[in-house]
Each structure stands twice: as structure tokens, then as C-alpha cells.
1. Determine which single condition THR3 fails, assuming it passes every other condition in (1) assigned to a helix (DSSP H, G or I); (2) under 28 Å from VAL75 (Cα atoms); (3) polar (S, T, N, Q).
2. Considering every residue within the range 19-39, establish whether at least one is touching a Lys or Arg at 6+ places or on another chain (Cβ under 8 Å), small (Gly, Ala, Ser) and in contact (Cβ under 8 Å) with a residue 12 or more places away in the chain.
3. Among the residues in the range 26-34, are any in a helix (DSSP H, G or I), at pLDDT below 95 and surrounded by 14 or more Cβ atoms within 10 Å (Cβ to Cβ)?
4. Taking the range 65-78 on its own, how many of its residues are surrounded by 11 or more Cβ atoms within 10 Å (Cβ to Cβ) and part of a strand (DSSP E or B)?
5. Let me spell it out: the conditions are (1) of a type outside the set (Phe, Trp, Tyr); (2) part of a loop (DSSP other than H, G, I, E, B); (3) surrounded by 13 or more Cβ atoms within 10 Å (Cβ to Cβ), and GLY22 meets all of them except one. Which number is the exception?
6. Taking the range 49-64, which residues are at negative phi and either surrounded by 13 or more Cβ atoms within 10 Å (Cβ to Cβ) or in a loop (DSSP other than H, G, I, E, B) (or both)?
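The values are calculated or read from the model by the stated rules, or taken from the named source; none is laboratory data. Only a predicted model underlies this, so the values are computations on that prediction, with no experimental measurement involved. So basically every Cβ, Gly included, is an ideal-geometry build from the backbone, and we count neighbours across all protein chains shown.
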Amino acid sequence: MATRAGAATLGRDHELGSIEPGKRADLIVVDRERLHQAPDRDPYSTIVYAARGSDVRTTVVDGEVLVDEFAPTRVDPAAIAAHARAAAETLAQRAGL
């Protein structure tokens with residue numbers, strides 16, 4: 001209701017607000033079988049209060065799958081980690097650490 005009404009309020013319900021062919025979509029699929037999400041009497045509360053970023057199985061932005069089965073589709077995690085380590089080393093050297 002919130003997404004459809006929000007899109008209608010913006011006058012963009014022809015392109016936003018629901019998941020259907022031809023509309024822009026951002027969504028995630030959460031793996032709800034993780035132990036920290038049990039017991040799961042109220043799935044909405046569980047997602048809000050117990051789910052973690054690491055529980056996101058799939059991420060779709062504007063119809064493009066960016067994460068599939070927990071793995072990024074457009075970037076190399078090892079390369080990002082190496083770049084971050086190098087940047088941290090540079091900062092540490094500047095700080096005299």
C-alpha cells in the first residue's frame with residue numbers, strides 16, 4: 001500500500017509503486033532461514049528487528065540484479081578489499097602509525 005500510494009501521490013504510478021513488467025523496481029530477497037531470525041512469529045517484525053545486511057540473498061535495483069545468491073554481480077569483492085587495505089595503509093602512514 002505504501003509504495004503504490006506513494007507512487008500515485010508523486011504522479012508516477014505508471015512507472016513505480018508495484019513489481020510488474022515495464023516498471024522500475026528496487027527490491028531485496030532476504031534469507032529468513034538464519035538462526036538469529038528464529039522464532040519468526042511475525043515476519044515483518046523479524047525483518048525489521050533481527051535481519052542483517054548479510055541476510056540479503058538478492059538485490060535488484062531498477063530491474064538489474066546487483067547481488068545474486070549473496071554474491072555481487074558487478075564488482076570483485078577481493079579487489080575492493082585489497083583497495084580498502086591499501087587506502088587504510090596510506091592513511092595510517094600519514095597519521096604516523
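1. Among (1) assigned to a helix (DSSP H, G or I); (2) under 28 Å from VAL75 (Cα atoms); (3) polar (S, T, N, Q), the lone unmet condition for THR3 is (2).
2. no
3. So far as the range 26-34 goes, no, none of its residues is in a helix (DSSP H, G or I), at pLDDT below 95 and surrounded by 14 or more Cβ atoms within 10 Å (Cβ to Cβ).
4. Here the count works out to 5.
5. The failed condition is (3).
6. ALA50, ALA51, ARG52, ASP55, VAL56, ARG57, THR58, THR59, VAL60, VAL61
Residue by residue, here is whether (1) under 18 Å from the mean Cα position of the chain (by Cα); (2) hydrophobic (A, V, I, L, M, F, W, C) holds:
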| position | (1), (2) |
| --- | --- |
| ARG41 | no, no |
| THR46 | yes, no |
| THR58 | yes, no |
| ALA71 | yes, yes |
| ASP76 | yes, no |
| ALA87 | no, yes |
